[in-house]
Structure formats: structure tokens, C-alpha cells
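Since the structure comes first, as C-alpha cells, the remarks are kept for the end.
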Amino acid sequence: MNREDFEIFKQDPSLIYFDNGATTQKPKVVVDSIVDYYTKYTANAHRGDYDISLKVDMAYEGVRDKVKELIHNKKSKEIVFTSGATASINMIVFGFMKYHLTSGDEVLITKSEHASNILPWIDLAKEMGIIVRYIPLENHLVTIENVEKMVNERTKVISLAQVTNVLGDERPIEKIGKLCKENGIYFVVDGSQSVPHMEIDVQKLNIDFLAFSAHKMLGPTGVGVLYGREELLENLKPTSLGGGMNATFDSEGRIEYKSLPSRLEAGTPNIAGVIGLGSAIDYLLKVGLNNIHRHEVELKKYAIQKLEKIPNIVIYNKDIENGMIAFNIDKVFSQDTAVYLNHYHICVRAGNHCAKILKEDIQVKNTCRISFYLYNTKEEIDELVRVLEQSEDIFKIVL
Ligand SMILES: Cc1ncc(COP(=O)(O)O)c(C=O)c1O
């Protein structure tokens, strides 16, 4: 699908890139949009009164509208640009939850969350005595029944990835969103592994806060999005203060913030990055997120059918419908497998994938992860299978 749009595959046709969960390749149009900004209309945003600065403002604010469309939201001011999903979640926890939770309040997460959706909560728990509880997983999955069992009158937040980054399981977000709404619980969704791969509708899903990163969806690094309902963002205390976010201040310490979303975007933003994100969104919407999802699921099914015939392979998420495969070659350290595959120009991720406590659920510390995207092909999978089939050579290569 659209492989010719990516310069990297033209320059290196033998590259097999299966690490899209970590970051994706960038189509030429995205890179061009960034170069255009730097070569044709560089100026700061929201500060100038001359032509190119107005062009920058229009481009930058135009991307806000594109993000709004992407997640099916109604208001652009509910979209805040950050440096990535990690920054977005930290803003939610330390800018909002810190001032709206009290000691003894409970936050529900799971052991398969990314570090970015665990550590800020643990830190806040240490600081102010909130309690972090883990929803038990059922065969690695979150079920609405288990979520319901964990909810009580002290539950104030449920914070989950829509799709996890190791097994790629999708959570019943719509049902959990409804449960949260009915019980006055804040619903935080980490969309890092879902927004790039599927249609998402924040209104329909009753999501209060959503976080995701541009670089996992064909865009540049260093840019992300924080979506939040207006009344919540209005009450999110800026965790960063400076230029661009204040309307006025005086020497007595009186500060008046600007209205949303500027009050949460202090300092010069990553203008080039935001423009690149806009171009990535155009590209994704043109291909169609449903088509992307369908393509990835088809690749996964094709791969599983072939991989499971390899005698010494262990696959941890065979039946989960998505574009991710977590596996190990029996008795081989996952990083050795990755180094072996690298020898054949195949990029996979090995390790704990920043989900360091998932091992308590899947009983294995490290895995290899294949994560597909729109440009991956069945031919690449055939090559992976061919290489893994002869993996008895693995130690000759990695040692
Ligand atoms: C589920 C999930 N959440 C959060 C993140 C953090 O994203 P970033 O490093 O872009 O802030 C990742 C990145 O791998 C992820 O997979």
C-alpha cells in the first residue's frame, strides 16, 4: 500500500521495517511540508503581523482543525499540541488530576500499560496518597466485567490504552466510557497505538482526555496531542508557563492566562512538527483508517498462519485481531532474535517495550514485537518466515 511514497524504501528496497509500534516511516509529503516551512515561510506562530507569520498561523491552526476531524471532535480549542503522548499524559496527571483528586481516591489502570501511563500515576500516588489499582486481565485482555468489579465509590479515574503496545489488544473503550460517564469517573485514554491505526470518535466513546504522538502515525518526532473536554482543560493548571500562554501579567504577580488552547501551549511550539502532523493526517485520511486497519489485520492473519508452522516459535497474541505479533524463538533471548533478524535487514523490536510489569501477566520478561503499518507487504512476511525457519543458525550470527 503506497510504498512508493516513502523515500526510505526507494533508497533501501531491501529494508523490512516491522517496528511501527515504536515509530513509523515518513512519506515524502510529510518531509516536504516540513522543509517547505523551513525554506519558504519560517516565522514564529501567533506573534507576527507580516505575511509569512500569518501564513504560519493559518498552517498551524489549520492542523488543529485536522486533528479535530481525525478524532471526530467538535471543538478545535479542545486540541492542545504537546511534545508527545508522554507529555500529554503528564499534563493530565500533574496539571489536572493533582488538583482534582484527594488522598484515598482510586485510579484504575492495568499491568499492560506503557510506562507513560503508569509512572505518572505512581508518582502522584506517592505525592498525595491516591491509590493506583490494577484491573485484573482475563487471558491478557481487559473485560468490562472486570472493570465493573473494580469500580467503587472511591474510583475517580480509569486510565487505559485503547490498544496496548505489546500484545496489541483493544480495550472495550465504548463500554468503559459509558461506565465512567454514569459513575462520574474521569476517563483517560492513551491513543498512541490506536489513533494511527483505526477510526476513533472521542464523543461517541465518552473520552474525557486522549493522548497520542505524531511520530507513530507518519508524522515527525517531538509532537503530540492532548485532547480534553473543554470544561476539563479550562481547569487544567498549566504545567509550563511563559510566552504565548499569558494574556497579561504585572510585577505584583498577577497573571492572566490566554483562553484555550493557547494557555496550555507555553513557549514557541514545534511549528514544523505540527505542520508535518497536519500533512500526515491528510495522508492517513486519504488512504482511510478503516483500510489501514483492514490491511494490518490481513497481514497479521497471513503471518500467523505461516509463523505458527515454525516448530520453535512461541506466539503470545495469536488470536488478537490487530497488526502486532509478540513472539519468541524458544530458548533464545529476544534481543538475540532481533539481532539475527537485523542481519537480514529485518527490523523488529525486542525487550519489554516499556511495559515492564506486563511480565506479571504473560510470565515472560522480554518478547520480540512485529508491528505492521500500511506499507508492509505479504512478501516481507514471506522473507521473515524464511529467515526464522532457518533460525538454527541464530547463534552463528549473533555471537
Ligand atoms: C501505548 C503507548 N503509550 C505511550 C507511549 C509513549 O509515546 P511517546 O514516547 O511518543 O511519548 C507509547 C510509545 O511507545 C505507547 O506505545
### Task
Please order Ile92, Ile346, Ile255 by the number of other Cβ within 10 Å, starting at the fewest.
Ile255, Ile346, Ile92
### Task
Would you give the gap between the C-alpha center of the range 269-284 and the C-alpha center of the range 197-264, rounded to a whole Å?
16 Å
### Message
I want to check the label-to-label distance for Ala22 and Glu230. Put each point 7 Å from Cα in the C-beta direction and report it in nm to one decimal.
### Response
4.2 nm
### Query
Per-residue ellipticity at 222 nm for the chain, helices alone: DSSP H runs ≥ 4 residues times -39500 (n - 2.57), over residue total, nearest 500 deg cm²/dmol?
-10500 deg cm²/dmol
#### Entry: Computed lengthening from Asp330 to Asp123, 0.36 nm per intervening residue step minus Cα-Cα distance
70.9 nm
#### Entry: Filter on Lys74/Lys216; Lys126/Lys318; Lys10/Lys66; Lys111/Lys318 - keep pairs with C-alpha separation over 26 Å
Lys126/Lys318; Lys10/Lys66
### Query
Is any helix in the chain, taking whole DSSP H runs, at least 27 angstrom long along its axis by alpha carbon and on average at least -1.0 on the Kyte-Doolittle scale, and which ones?
51-70
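Once you have the Cα-Cα distance between Asn146 and Tyr302, take 0.36 nm times their residue separation minus that, and quote the gain in nm to one decimal.
On the way: separation 156, 0.36 × 156 = 56.16 nm, distance 3.19 nm.
Answer, rounded to one decimal: 53.0 nm.
For the range 78-186, which GluC sites (Glu not before Pro) are in a loop by DSSP, counting at most 14 other Cβ atoms within 10 Å? Write down the numbers at each step before the final one.
Details: sites: Glu78, Glu106, Glu113, Glu127, Glu138, Glu145, Glu148, Glu153, Glu170, Glu174, Glu182; in loops: Glu113, Glu153.
Hits after loop and neighbour filter: Glu153.
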### Task
In a Gaussian network model over the chain where Cα atoms closer than 10 Å are linked, find which of Thr110, Thr82, Thr377 has the largest mean-square fluctuation.
Thr377
### Query
When the chain is fully extended, how far beyond the present Cα-Cα distance does Lys286 get from Asn342, taking 0.36 nm per residue of separation?
16.9 nm
### Task
Would you please give the FRET efficiency between Asp319 and Lys237, computed as 1/(1 + (r/R0)^6) with r the Cβ-Cβ distance and R0 = 41 Å, to the nearest 0.05?
0.40
### Task
Once every Cα of the range 1-97 carries one equal point scatterer and solvent is ignored, give the base-10 log of I(q)/I(0) from the Debye formula at q = 0.14, 0.17 Å⁻¹, two decimals.
-0.82, -1.06
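Tell me, Phe209, Phe249 in order of fewest to most beta-carbon neighbours within 10 Å? Could the numbers behind the result be given before it?
On the way: Phe209 28, Phe249 12.
In order of increasing Cβ crowding within 10 Å: Phe249, Phe209.
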### Query
How big is the antiparallel share of DSSP beta bridges in the chain, given as a percent to the nearest 5?
55 percent
#### Entry: Alpha-carbon centroids, the range 85-129 and the range 51-75: separation in whole Å
29 Å
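R0 = 56 Å: FRET efficiency of Glu4 with Lys75, Cβ-based, nearest 0.05?
Details: r = 37 Å, r/R0 = 0.66.
Efficiency at R0 = 56 Å is approximately 0.90.
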### Summary
Under the 7 Å Cα-to-Cβ spin-label approximation, Gln390 and Glu174 lie apart by a distance in nanometres of 4.8 nm
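Using DSSP to define loop residues, name the trypsin sites (Lys or Arg not before Pro) in the range 1-93 whose beta-carbon has at most 12 other beta-carbon atoms within 10 Å. Present the calculation step by step, with values, prior to reporting the outcome.
On the way: sites: Arg3, Lys10, Lys28, Lys40, Arg47, Lys55, Arg64, Lys66, Lys68, Lys74, Lys75, Lys77; in loops: Arg47, Lys74, Lys75.
Hits after loop and neighbour filter: Arg47, Lys74.
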### Query
When His345, His295, His46 are ordered from fewest to most other Cβ atoms inside 10 Å of their Cβ, what list results?
His345, His46, His295
### Task
Compare Ser262, Ser213, Ser159 in a GNM of the chain, Cα atoms joined below 10 Å, and give the one with the largest fluctuation.
Ser262
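No value in this document is a laboratory result; all are computed from the given coordinates. A quick note: this is a predicted structure, and the numbers were derived from the prediction, not measured. No Cβ is skipped: glycine too gets one built from the backbone with ideal geometry, and neighbour counts run over all protein chains shown.
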